[in-house]
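Structure first, commentary second.
The values are calculated or read from the model by the stated rules, or taken from the named source; none is laboratory data. Treat the numbers as computed from the prediction; the structure is a model and nothing was measured. Cβ sites come from the backbone with ideal geometry, for glycine too, and all protein chains shown count toward neighbours. Just so you know, the surface numbers come from the protein's heavy atoms only, side chains and all, with ligands and any DNA or RNA stripped out. Shrake-Rupley method; radii C 1.70, N 1.55, O 1.52, S 1.80 Å.
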Amino acid sequence: MAARRNVGYDALPADDDNDFGRRDRRFEYKPGAYDRIPWKSIALALFLLSLGSLLLFLSFFILTGHMGGEKSQGYGLLFLGFLAFMPGFYETRIAYYSWRGTKGYRFASIPNY
């Protein structure tokens, strides 16, 4: 089979307007984009962390008998406490390491609300 090695390629015209004048902002790089601090997300993470901690402490006191309540209430609070604590701890940890400047952690890793 013969190979065509000397085929000339033409560049596409610069006025090729397939996107009708719109640009996709997801692919634009701005150097300051990674340095923005998502304050709302950090506040939400701190709220979830504190709410989860409170619910876990309440469930501990109910399950050990130091506080009135049934065991089923303690297990419900334990489940809700874990459900609130885990994402709060995760995002707070990322925010803390980003603030400290640890390699591999950036504020861009936290979703912005």
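Under 27 Å of direct C-alpha separation, and excluding same-chain neighbours fewer than eight residues apart, K40 reaches these lysines: K30, K103. Cα centroid separation, region 81-108 to region 39-80: 20 Å.
Spin-label pair M86-V7: with each label point 7 Å from Cα along the Cα-Cβ axis, the two points sit 5.3 nm from one another.
Full extension of the segment from K30 to S53, taken as 0.36 nm per residue of separation minus the current Cα-Cα distance, would add 4.5 nm. A probe of 1.4 angstrom, applied to the heavy atoms of all protein chains, finds S53 with accessible area near 30 square angstrom. Think of each Lys and Arg Cβ as +1 and each Asp and Glu Cβ as -1; about the Cα centre, that makes the dipole of region 36-113 roughly 460 debye.
Residues of region 84-103 with an amide N closer than 20 Å to a point placed 7 Å from the Cα of T64 along the Cα-to-Cβ direction: 85.
Over all other residues within a Cβ to Cβ distance under 14 Å of F47, the charged ones net out to 0, with Lys and Arg as +1 and Asp and Glu as -1.
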